[in-house]
1. Mind counting the residues in the stretch B:711-763 that are β-branched (V, I, T) and under 46 Å from the mean Cα position of the chain (by Cα)?
2. If you check B:E328, B:E332, B:E266, which single one turns out to be closer than 24 Å to B:K82 by Cα and either assigned to a helix (DSSP H, G or I) or not hydrophobic (A, V, I, L, M, F, W, C) (or both)?
3. Looking at the stretch B:884-931 only, could you name the residues that are among the aliphatic types (A, V, I, L, M) and more than 19 Å from B:E860 (Cβ to Cβ)?
4. Could you check the stretch B:729-760 and list, in sequence order, the residues that are under 15 Å from B:T776 (Cα atoms) and not in a loop (DSSP other than H, G, I, E, B)?
5. Kindly indicate which of A:Y67, A:Y116 is within 16 Å of the chain's Cα centre (by Cα), within 14 Å of chain B (Cβ to nearest Cβ) and among the aromatic types (F, W, Y).
6. Has the stretch B:839-859 got at least one residue that is aromatic (F, W, Y), part of a strand (DSSP E or B) and either at pLDDT 85 or above or under 30 Å from B:I719 (Cα atoms) (or both)?
7. Among what's in the stretch A:39-57 and is modelled with pLDDT of 75 or more, surrounded by 15 or more Cβ atoms within 10 Å (Cβ to Cβ) and more than 13 Å from the chain's Cα centre (by Cα), pick the residue that is nearest to the other protein chains (Cβ to nearest Cβ).
8. Considering only the stretch B:302-351, state which residues are among the aliphatic types (A, V, I, L, M) and more than 14 Å from chain A (Cβ to nearest Cβ).
Amino acid sequence: MAVCIAVIAKENYPLYIRSVPTQNELKFHYTVHTSLDVVEEKISAAGKAMADQRELYLGLLYPTEDYKVYGYVTNSKVKFVIVVDSSNTSLRDNEIRSMFRKLHNSFTDVMCNPFYNPGDPVQSKVFEGMVSGMMVQVS
Amino acid sequence: MSGSQWELPPELCCRPMAFVALTGLDVTYNAVHRAIWDAFCANRRADRVPISFKVLAGDHEYPKCRTKRTSYEWYIPKGILKTGWMNKHLNLVPALVVLFYELDWDDPQWKEKQSECATKVEIVRTSLQGRNTKVAVVLIQKKTPLPPGEDLVASERASSLCNACDLSGKSLFVLPHTDHLVGYIIRLENAFYEHAQTYYYTEIRRVKSHKEFLNKTTHQLLFVRHQFKIAFFSELKQDTQNALKYYRTAYSLVHELRAHETNMLEIKTMAGFINYKICRLCFQHNTPLDAIAQFRKHIDLCKKKIGSADLAFEHTAWMSKQFQSFGELFDEAIKLGLTAIQTQNPGFYYQQAACYSQDRKLTAQQLCQAGAVCPIPDPLDTPTGGLDFYGQRAWRQGHQSIDPPDPEKERTGILALQIKERDVPHSELIIALLSNAVAQFKKYKCPRMKSHLSELLDYVMCDYRTERWWALLTAILSTALRCSYLMANVKDYMTYCMELLGRASTLKEEQKSRIEKNLLKVLKNEVPDAEPDCEPSGSSAAAALWKDRMALSGSNEFSIEVQDYVPFIQCKARFLAPSFHVDQPIQLQVFLRADCPHPISFNKLSVSLSNQCYNQWCVVEASGQDTMLLTPGETSCFSFNFVAKTQDVGKKIEMTGIELMLGSGRWVFLSWRGAGGDAASAHEALQASRSARPRGPGAGARPEGAWDALTIQHSTMIISRVPKISVQLSHQPPALNNEMYCITLSIQSQEEGVAREVRLTAGLKPGQDANLSQATHVTLDRGQVCDASDPALLPDIPLGDLNPGHKVEQRVYVRCVSTGPRVFLFHVAYSINTSVDGQEIDCNCHKDETIAIETVEPFEVSSKFVSTKLEPLDRVVVDIPFVLMTDLLSSSPWPLLLHSSSLQLVTMATCTPHPLSQLEQVVLQTGECASECFCLQCPSGAEANGTVATGQYVISWRRCPLDMVFYLPHVESKTLTVCVSNPASPELPSFGRVRETLPVRYHIENRTALVQQVEMAVEPSDAFMFSGLKQVRLHILPGAEQQMLYNYYPLMAGYQSLPQLNISLPRCPATDTHTLRRFLPQRIFVKMHTGQMVHILAVKSCSVCLHYDRLLSSPKVESWTTRPSLQPDGLAPRDTHSLLRVQLQIQRIDWRLLVHLAFVSHCSCTDFK
């Protein structure tokens, strides 16, 4: 399960970022922020080829010593980043994909809320609950 | 060992090459030997075989070979790998010793030399006792050798030398010292290389042969050692594939070793070495992914093997070194052509290395007490000055059991290591690694990664700020704040405080509160409290620095540009309107809002504007001791008013900056460029515009939405005062082409004061089609028709002063010489005194009126040529009169008064000496047509059968009197062969009477130079009886004339056809009799004797006759009223005027129609009144 989940706006500022409370939150901020380099590189590389049929899931962005960072970009250039522990080898690509899909669906629901203003930080309880379900459960 | 204890030994990092020793060369004194040596070692490029050569003395002592062990049964190894081993095989124990000896085959002292050589070989052999090292002999010869087999002496002596030296034939070489030295040397080298390969092969076999003696319990270390050695020999043999294989085995064996606290370092060191070798070979084999995989595995395996807790820093140092050396390998491979990618580049390894170095610094700080003194004797000193085995402790070398032999020694040893660690310049190491990483990330396009690592905090902050990563910004700011505190950099300290207090900071309220207190202290020129997480020693030093700063007077004023930050005081300013009239006061509002937890006071707020003379009105200053207070979360509004200067009308006033003064004792000016706003406000405003509801954390409590929705209006226009006058234009559109079109302008003042210097600019509005200004002329003078010299726009016509309530009128005449729409501009300007906010100002006002006027043609003129009998002509005959008819069709919506019309003829001559205009004073309504006839004659001088210009037709008309010129069409003329009669002569009376003789005389004239035969015949007619020659043939001489007289006797009244006279020219059949017939009268009116009807008809006919008469250019046309013959019997004209009117009226209606009516008697009487 994830140790950090982040939603990044089109302009690359964080809309939502949540990490497991046991570890240094700042470090995850840095990890997510630096992963945007790879995301942008991947988008620009794919954008040239075919803009419409782009795969939203970007796959493993880069492995760090302790974490694996996965990326996903919606068509409106909102980015999702999921960080998992490198020691967690049980997670397969398919599961990461489905996590992203769930995240995307939930984010779409947030956007559909007429009281939500696109570009504002996400404060939805439903979204929060869904993210919590995907995070590593810390006892 | 030095501080770089963790550096990999150089013999590990180099590429192993076969070691060949050269003896018997005197490179110092012998030039030939020197040349040979140079040829060996110079230009060793990649295409030469990998051998490292060394020149050694003939009696050089090689390292002693230990006696071979026959049994390992009782042997307990003391460590994995001796520190000297690699160096020994790289640089000390040669694979081959080559003896150079100068000897020619035909040397006179062959025997002696041979035995000397054998002795030298023997010496070398002795010093290599027990080694498998090969020996070879090279004879340096002066002569070029003959091809093999031909020199019998040579082959015989060679075999004897081999025997003497106990050498195989393959180990004896000849080096002729001739021109091709390098070629020979290369061949020699290759032969040496083969020998070396054989040597290393036997060495590998030898090491492998030990294996069967080992057992798994006691000789685990040897398994690793042997595998490592085999791999290393394979490398020396340049068999890298096998080397890699053996290294891999060695690597797995290392991890099978029983690890405990005492040998952990040794295991890790060896694992690191082997891993290094594997990765290096993988990169060399161009399989970087294998290298990376191996490295990951290595790190995963070793990460947890921390070893002694007291020496935890050793582990991090080792880890750091692992990453660093891998990064270096990677980097090296890239330099040799490998391509790295964004997510896999050396930068990551450098970064990780730096990370571990940071950890090392932390643990070192925790573990190494400051006060400890190095124990004496230093437990790290060893008798040899180094270690025997890699990765062992100096104080217990070779010790392999689990427990340390001597706890006391162990303790001092650890202490000594800790003390040494204390002196390591950690930060320098970290910075070096980080800058390496940054360089790599730059190369691989990872700007964010780069900024993550960058040590220049300010630049990084800027990046994070623009990307709105507030958590990261806060973290950096906190670090920066600590730095600036420790350095006592007042300005930076305040800047960071302000941003940390601002809304972008994610700090908790109590932290903010603490920072604000510190900031307030700094503002009072006091020493702030120390930042938490600072070392106490640093803090005390900083406090001293702050005290110094405090004492420094004169540097207590700071100006901080906050536009690019997210400061804790937000500022937005706006002009209340995008434009102000000059007679209104300009209103300006500045909004301030504090985001800090406690109220903050300020002393002065000032706005600077693009025109600095207004600045004085835009200042608010705290009076005396009380300062102005900003309450957190509340918006304070400051309004300023000022009166614009009249010379600024039409200009823009911009806010160039806002300055807020804070502090007491130390003054800080926060300055915003333009009209406020900061790094975050643009985005907030955008979000606010998307939604009107309150937003942000804790949205309900604070009217954030209202604040965010405040828009900045940083400039305003000063526009002129609204004029209080009315301008009215009266005119009668459309304008007619060429007329003087009158536009009346009336200006009514509604001002309360005198409007001075009223000026009018009138004319064509600029900016229209350029041709219009050529075709439009404006004048004020109605007396004359304006011409091309008059301008299209009359500027600044002075109209004098205008008193309140008064009115002034001005007429403007416009002449448009082309049709189409035009826009005219009437600009009335004046100046007036007025007062604004008690200030008297002199304003200029102006009012613009524009009108669009369409210009149309007033009438259309057409003309045609007809004969005197009104038949259309396509050509005219010279000397014969014809009629030019002109039609004027009015298309003007207004009645036109035709003033006069005249013909200006060029070649044609008029038959009437002074033709009067028939259109004089005629008024044409819309759609009406006025026609006019002119009797013209083409003079005989005109070119026969050519085109003749007629002339001009000039019409003077108005709404305004004007002349118009029309060009008439050209007409063809031709000369007739014969001209028959002149029907207009008095020989034919204007009318006849029933049963009264009507004499008609025809004149036939020959106008040619030939005698003409003419046949004439008169056809009978029902209406007439006649007497005269019914049919005749006659001859007419050139220029002569023949008269024919007929007496017609009318039988019927009315309009009757005369008997038809047929004329033909038998000699000239081509003559058009039809043309001739045109000259003959064909009809005449025959009167009755009595009755009113007759009278009217007579009047009609009279008038028609009159007209007709004139057309036929009667010489008496001017005096027609007095002509007795025209006064018909029984109808005395009442007076000449009435007759004149009758005629004019006929003229005004269609001429042709009237003629027709008159002739057919269907006209009613009213038409003649």
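The values are calculated or read from the model by the stated rules, or taken from the named source; none is laboratory data. Small disclaimer: the values here were computed from a predicted structure and weren't measured. Glycine also receives a Cβ, built like all others from the backbone with ideal geometry; neighbour counts cover every protein chain displayed.
1. Looking only at that region, the number is 7.
2. B:E266
3. B:L905, B:V906, B:M908, B:A909, B:L916
4. B:A735, B:L736, B:M740, B:Y741, B:C742, B:I743
5. A:Y67
6. Initial filter on the stretch B:839-859 (aromatic (F, W, Y)): B:859.
Next, from what is left, pick out any that are part of a strand (DSSP E or B): B:859.
Narrowing the set further to residues that are either at pLDDT 85 or above or under 30 Å from B:I719 (Cα atoms) (or both) leaves none.
No, every residue in the stretch B:839-859 fails to be aromatic (F, W, Y), part of a strand (DSSP E or B) and either at pLDDT 85 or above or under 30 Å from B:I719 (Cα atoms) (or both).
7. A:E41
8. To start, the set of residues in the stretch B:302-351 that are among the aliphatic types (A, V, I, L, M) comprises B:306, B:309, B:311-312, B:317, B:319, B:329, B:333-334, B:336, B:338, B:340-341.
Scanning the stretch B:302-351 gives B:I306, B:A309, B:L311, B:A312, B:A317, B:L329, B:A333, B:I334, B:L336, B:L338.
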